[in-house]
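Okay, structure first, notes after.
The values are calculated or read from the model by the stated rules, or taken from the named source; none is laboratory data. Predicted model only: the values in this text are computed from it and were never measured. Heads up, the Cβs are rebuilt from the backbone with ideal geometry, glycines too, and the neighbour counts pull from every protein chain shown. When the accessible area is computed, the model is the full protein with side chains, heavy atoms only, and any ligands, DNA or RNA have been set aside. Shrake-Rupley method; radii C 1.70, N 1.55, O 1.52, S 1.80 Å.
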Amino acid sequence: MEWINIRGKIQITSEDGSILEAMITDKTEDSLNFSIPADDKRFKFFHPGEKVEAVVFERNKGLRFEGVIAGRIAAEAPTYTISQLTGWKSVQRRDNVRVPASEPITYTANRFIIDSVSFSPDLNRVEGEITKYMKPGVMSDISAGGMKFSCEEDIKEGQKIIMRFTIQKNVLILRATVMHRQLIINPSGTRYFYGIQFDDIGEKMQEMIVNHVFQLMRKTQRK
């Protein structure tokens, strides 16, 4: 616990798979408190007894552990206590740089279709089965580990989806998980924005995405 700093950042993953960043406000030998910024669009309530996974970072090194929400503390910002801390592991921080990338994508969050092709390690082989269930979306940024996109469909955090997009004339079809969501309501309707994490992508596909990210970075730097 000596390595955990008061007012340091902590990343919390809840039982439903959603991820948010908070600030450590206090600690004891066997518990710690964290506070969520009141204006965080990914804000959520935790309930006593809920299991969470947490990561704290110091430069490029991190410490991962598990715990249980013991309760909420009366404070200006939503503040909770995590107790029963177990499973301490050292981790390396992965700095997946995100770059702006406004490109069309298609996706499906249809659970029946996703389950029906779960047997296939190569989604390109079942493209014909899923194409008619794909809906349009717009990518707004991308990294080696995921992307942000928007669409008109309300999808829950933790939901598995299948995505299809093009990189350097190569069509990529892959599985992903919705990690967080936010929405914007305007006179023309509601627009949903999702941060997604790619699931178990192959080395060749990830290398292709990384190269694409680097190319986008170079174009941005030249402007």
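Scanning region 175-211 for residues that are farther than 28 Å from residue 121 by Cβ and assigned to a loop (DSSP other than H, G, I, E, B) turns up 187, 188. The set of residues in region 127-167 that are among the small types (Gly, Ala, Ser), buried (at least 18 other Cβ atoms within 10 Å of the Cβ) and in contact (Cβ under 8 Å) with a residue 60 or more places away in the chain comprises 143, 144.
Could you check region 111-121 and list, in sequence order, the residues that are open to solvent by 60 Å² or more (accessible area, probe 1.4 Å) and either part of a loop (DSSP other than H, G, I, E, B) or within 25 Å of residue 203 (Cβ to Cβ) (or both)?
Result: 118, 119, 121.
Being assigned to a loop (DSSP other than H, G, I, E, B), touching a Phe, Trp or Tyr at 6+ places or on another chain (Cβ under 8 Å), of a type outside the set (Lys, Arg) and modelled with pLDDT of 70 or more is a property that residue 46 has. Anything in region 49-75 that is modelled with pLDDT of 80 or more and among the aromatic types (Phe, Trp, Tyr)? List them, or say none. If the condition is that a residue be modelled with pLDDT of 80 or more and among the aromatic types (Phe, Trp, Tyr), then 65 is the only one that fits. Do we find that residue 78 is modelled with pLDDT of 85 or more and either open to solvent by less than 30 Å² (accessible area, probe 1.4 Å) or of a type in the set (Ser, Thr, Tyr) (or both) in this structure? For residue 78, the condition - modelled with pLDDT of 85 or more and either open to solvent by less than 30 Å² (accessible area, probe 1.4 Å) or of a type in the set (Ser, Thr, Tyr) (or both) - is met.
Candidates 106, 86: the one that is in a strand (DSSP E or B), without any contact (Cβ under 8 Å) to a residue 60 or more places away in the chain and within 13 Å of residue 173 (Cα to Cα) is 106.
Only a single criterion out of (1) surrounded by fewer than 18 Cβ atoms within 10 Å (Cβ to Cβ); (2) farther than 20 Å from residue 207 by Cα is not satisfied by residue 124, namely (2).
Table: residues versus (1) free of Cβ contacts under 8 Å to residues at least 12 places away in the same chain; (2) open to solvent by 40 Å² or more (accessible area, probe 1.4 Å).
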| site | (1), (2) |
| --- | --- |
| 174 | no, no |
| 181 | no, yes |
| 185 | yes, yes |
| 188 | yes, yes |
| 193 | no, yes |
| 198 | no, no |
| 203 | yes, yes |
| 206 | no, yes |
| 213 | no, no |
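Would you call residue 117 of a type in the set (A, V, I, L, M) and free of Cβ contacts under 8 Å to residues at least 40 places away in the same chain? Spelling it out, it is not the case that residue 117 is of a type in the set (A, V, I, L, M) and free of Cβ contacts under 8 Å to residues at least 40 places away in the same chain. Residues in region 103-118 that are in contact with a helix residue (DSSP H, G or I) (Cβ under 9 Å, 6 or more places away or on another chain) and either at positive phi or at pLDDT below 90 (or both): there are none.
Checking residue 143 against (1) out of contact with any strand residue (DSSP E or B) (no Cβ under 6 Å at 6 or more places or on another chain); (2) farther than 23 Å from residue 13 by Cβ: exactly one of these is not met. Which one? All conditions pass for residue 143, except number (2).
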